[in-house]
1. Which pairs do you get when a residue that is among the hydroxyl-bearing types (Ser, Thr, Tyr), found in the range 45-57, comes within reach of a residue that is assigned to a helix (DSSP H, G or I) and surrounded by 13 or more Cβ atoms within 10 Å (Cβ to Cβ), reach meaning Cβ atoms under 8 angstrom, with the pair 6+ apart or on two chains?
2. Just the residues that are touching a Cys at 6+ places or on another chain (Cβ under 9 Å) and among the polar types (S, T, N, Q), please, taken from the range 72-112.
3. Inside the range 109-126, can you point out the residues that are within 12 Å of the chain's Cα centre (by Cα) and in contact (Cβ under 8 Å) with a residue 24 or more places away in the chain?
4. Restricting to the range 38-86, and then to whatever is of a type in the set (D, E, K, R) and in a loop (DSSP other than H, G, I, E, B), can you tell me which residue is surrounded by the most Cβ atoms within 10 Å (Cβ to Cβ)?
5. Condition test on Trp144, is it on the phi < 0 side of the Ramachandran plot, within 14 Å of the chain's Cα centre (by Cα) and surrounded by 17 or more Cβ atoms within 10 Å (Cβ to Cβ)?
6. Return yes when Arg151 is within 12 Å of the chain's Cα centre (by Cα) and in contact (Cβ under 8 Å) with a residue 12 or more places away in the chain and no when it is not.
7. Among the listed residues Ala99, Ala15, identify the single one that is farther than 27 Å from Gln147 by Cβ, touching a residue at least 60 places away in the same chain (Cβ under 8 Å), not acidic (Asp, Glu) and not in a strand (DSSP E or B).
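A short reminder: the numbers here are calculations on the coordinates, not readings from a lab. As the structure is a prediction and not an experimental result, all values here were calculated from the model. For neighbour counting, all protein chains shown are included, and Cβ atoms are generated from backbone atoms with ideal geometry for every residue, glycine included.
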Amino acid sequence: MGVVYDPIRNEVFSAIVNGGAFLNDRPLHTPDTGLMLRQCIANVDYKRLVAHLAERLVRYPPYRSQRNLGSSVLEWCWLAAGRVQLYLHGGQRMWDYAAGSLILREAGGVFTTLEGLPFDCRKITKRSVVAAVNSELHHAWLQWIWQNDERRKNSNVTL
C-alpha cells in the first residue's frame with residue numbers, strides 16, 4: 001500500500017498492489033494521450049543528472065514545458081494523475097519513490113532506471129528513474145535521453 005497526502009491541495013493519492021490507484025477515492029488512470037514528446041510537460045531533477053545531460057535538457061528540451069514541485073513523491077503522483085507526462089530523476093532513495101512508484105504503476109504508468117532496467121522498488125539503494133504516462137512516451141523519452149547522453153555515444157546499447 002502507498003499513500004501520499006498533499007496538504008496544500010488537500011489531495012490523497014493512494015494505491016494497493018493489484019488494487020488500483022486513487023485520487024481522493026476516485027480511480028486514477030494515466031491517460032493514453034497520443035502526445036508526442038515535444039507536446040509533453042515534464043518533471044526533471046537536473047541536480048542529480050550528469051552535467052552534460054542536464055545542460056542538454058536545459059538548452060534543448062525535447063518537451064513543451066517543465067514543472068518542479070519540490071517533492072519527488074508528489075511528482076510521481078502528478079504523473080499518475082496525468083498532470084505531467086514525463087519524469088526524470090538521477091537518484092532517489094526508497095523513501096522518495098516507494099509510495100509514488102506504486103501509485104504510478106497501479107495507474108498504468110511506465111518506468112525504468114536511466115539504463116532502461118526494471119525499477120525494483122524493494123531495493124533500498126539510490127536509483128535513477130525515467131517515467132512516462134504510457135509505454136510509447138516512455139520509449140521516446142528514454143530514447144532521447146540515451147541519444148543525448150555522451151556516456152552512451154560509444155556504447156552498443158540500444159532500445
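1. Taking only residues 6 or more apart or on different chains, the pairs are Tyr46/Ala54; Tyr46/Leu57.
2. Gln85, Ser101
3. Gly109, Val110, Phe111, Thr112, Leu114
4. My answer is Arg83.
5. Against the criterion (on the phi < 0 side of the Ramachandran plot, within 14 Å of the chain's Cα centre (by Cα) and surrounded by 17 or more Cβ atoms within 10 Å (Cβ to Cβ)), Trp144 does not qualify.
6. Judged against the criteria, Arg151 is not a match.
7. Only one candidate passes the filter, namely Ala99.
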